[in-house]
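We did not get these values from a lab; they are worked out from the coordinates using the rules stated. If you're wondering where the values come from, they're calculated on a predicted model, not measured in any experiment. Positions of Cβ are generated from backbone atoms using ideal geometry, with glycine treated the same way; all protein chains shown enter the neighbour counts.
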Amino acid sequence: MELSVVWQKVLSELYLDKTVDQEIKNEFLPFTNLYKKNSKEFIIEAKSTLALSFLNQISGQIKTFLSSYINGDFELLFFSTKNLPKIDHEAQNDLNFIKSGQLFENFVIGKSNRQAFIAAKYFSESVDNSVFNPLFIYGDSGLGKTHLLESITNFIKDKSTNNKVLYLKADEFTSQVVSILNSGDADIEKFKNDILKNDVFIIDDVHFLTKRDKTNEFLFYIINNFLENGKKLAFSSDKNPESLNGFERRMITRFNSGLSVCVETLDPQTAEDILKLRIGEFKLKRSVEPAAIKFLANNFGGDARKLKSLVNRLELLVMSNPVDSTITLDEVVVFFKDIPSSNLGKLNVKRIKEIIGDKFGVSVKAIDGKARTTAIKDARHVAMFFVKILLNHTSTQIGSEFGGRDHSTVLSAISKIEKNIYEDKKFKKLIDSWKNEIMN
């Protein structure tokens, strides 16, 4: 993570901080920069001495947020652009002082990722032996591979005084190799030695290195050196080693020589647990009822990145409706209706008819037919109601979907259900229960 990215993340947190004055957010924060003086001192640049005086007022908040990304103790130095000391821009690329905030302690373990978590944790705790070397974690995007690799990095940095670890994303490694190839032999050797002096070398998203011949020559040399000297390697990829097209066979063999472990698509319970954790971390001003959390996790929780975006949208919901009450399932259904969902695509008219028909002991064919026994008629009306509120179909659409009925018949049926919900608490409770079952 580049220092500029760290600063943008800190700025985002400052903008959300209610204790920071709005004038500071509007007038001064947008025109700031963060630079590294050394591993213990960081410079914040502001456009004027007036801006500095305001930024000094929130130096505590800045340092608190920045400490989430920087290892160890550090000091902040504030300078105006006019008085800014000379910045060593090459030194800004030394990013080993940056921590990700991703730890084993805040990794949510579930059926989909338990094996990968156990392997990563053991790998971190046993740097001095060759178990699981190299460790190769694979799976789709957003399932926690980066979290595990960054957890390994932070664990070794925090717990091991004798072992050095280097974590690079594949694109960072590539850009460094491309840059060094234009240098002399001495610089190339220095680059190799700077990597080889580490005890653990980690590359995230190694699949991005396919078909990069020069980069892979460097990588193969490094992998061989590490393995021959009993040093440890860890990689992540979107595919297992055997499915990585674009690497030489000798590289695939090296990837396969340790342990390959898959991170699978989030199961519903793990997605729900992650969402609860993210909501807690975000400190929403309104609580969220369990049924709403379950609905979001089941219908939008394919991966951790999506879950994080859900919390951002919940914050928008709170801003849009800042009342002192719990966020309900009904609110969430309405507020998220425009968001594409992996699971809501499975919810259709036929599925609603099947679920409601089962509740009343009648078939889908009977619901669509002409019979008007009490059970069939009630099932038909309730199913129409759910198609309206959950799928947002028009009365004309619903009529055609329920045996070609007139739209006025549909309106009358839905109105009857709404009236019963309003007048009968037991009926309302039953409808809410069925809605939860349909949605989840």
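Tabulated results
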quantity: Order of Tyr422, Tyr138 - criterion: other Cβ atoms within 10 Å of each residue's Cβ, fewest first; calculated: Tyr422, Tyr138
quantity: Sequence-separation-based contact order of the stretch 1-61, relative, with Cα cut under 8 Å and 6+ spacing, percent; calculated: 29
quantity: Gain in span if fully extended, Asn26 to Leu430, counting 0.36 nm per residue against the direct Cα distance; calculated: 140.5 nm
quantity: Virtual spin-label span in nm between Leu76 and Gln57, 7 Å along Cα→Cβ; calculated: 1.4
quantity: Debye, to nearest 20: dipole size of the stretch 347-439, +1 on Lys, Arg Cβ, -1 on Asp, Glu Cβ; calculated: 140
quantity: Ranked by how many other beta carbons lie within 10 Å on average, peptides 427-438, 217-228, 380-391, 106-117 from highest; calculated: 380-391, 106-117, 217-228, 427-438
quantity: Hull shadow area, averaged, the stretch 3-91 [alpha-carbon convex hull, nm²]; calculated: 5.4
quantity: 18 Å Cα-Cα threshold exceeded, pairs from Lys63/Lys285; Lys197/Lys232; Lys40/Lys82; Lys18/Lys306; Lys47/Lys86; calculated: Lys63/Lys285; Lys40/Lys82; Lys18/Lys306
quantity: Lys, Arg +1 and Asp, Glu -1 on Cβ, resulting dipole of the chain about Cα centre, debye, nearest 20; calculated: 1660
quantity: Phi to ³J(HN,Hα) by Karplus 6.51 cos²θ - 1.76 cosθ + 1.60 over the stretch 171-188, Hz, x for Gly, Pro; calculated: 5, 5, 4, 4, 4, 5, 5, 4, 5, 6, 5, 8, 9, x, 4, 5, 5, 5
quantity: Antiparallel content of DSSP bridges confined to the chain, in %, to 5; calculated: 20
quantity: 15 Å Cα-Cα reach of Lys435 towards aspartates and glutamates, excluding residues that sit fewer than 8 places from it in its own chain; calculated: Glu289, Asp330, Glu331, Glu354, Asp358, Glu418
quantity: Restraint check, Lys37/Lys145; Lys111/Lys145; Lys350/Lys428; Lys9/Lys190; Lys145/Lys169, Cα-Cα greater than 21 Å; calculated: Lys37/Lys145; Lys350/Lys428; Lys9/Lys190
quantity: Prolate/oblate/rounded label for the stretch 319-440 (Cα gyration tensor, a/c 1.5); calculated: prolate
quantity: Two-site FRET efficiency, Asp185 against Asn162, from Cβ-Cβ distance with R₀ of 25 Å, rounded to 0.05; calculated: 0.20
quantity: Relative contact order %, the chain, counting alpha carbon pairs below 8 Å whose residues are six or more apart; calculated: 12
quantity: Dipole-positive endmost among Thr374, Ser325, Leu55 within the chain (Cβ charges, Cα centre); calculated: Thr374
quantity: Ascending count of other beta-carbon atoms within 10 Å, so fewest first, for Lys306, Lys40, Lys353; calculated: Lys40, Lys306, Lys353
quantity: Long-range HN-HN contacts of Val288 with modeled amide H, under 5 Å; calculated: Ile327
quantity: Anisotropy class of the stretch 136-290 from Cα gyration tensor, a/c 1.5 cut; calculated: prolate
quantity: Cut-off 19 Å (backbone N to label point 7 Å along Cα→Cβ of Asn106), residues of the stretch 9-44; calculated: 9-18
quantity: Segment Thr373-Tyr221, extension gain: residue separation times 0.36 nm, minus the distance between their alpha carbons; calculated: 46.9 nm
quantity: Residues of the stretch 1-29 with amide N under 15 Å of a point placed 7 Å along Cα→Cβ from Leu50; calculated: 23-29
quantity: Percentage relative contact order, the stretch 113-262, counting C-alpha pairs under 8 Å, at least six apart; calculated: 39
quantity: Kirkwood-Stokes translational diffusion coefficient of the stretch 268-338, alpha-carbon pairs, 25 °C, 0.890 mPa s, µm²/s; calculated: 207
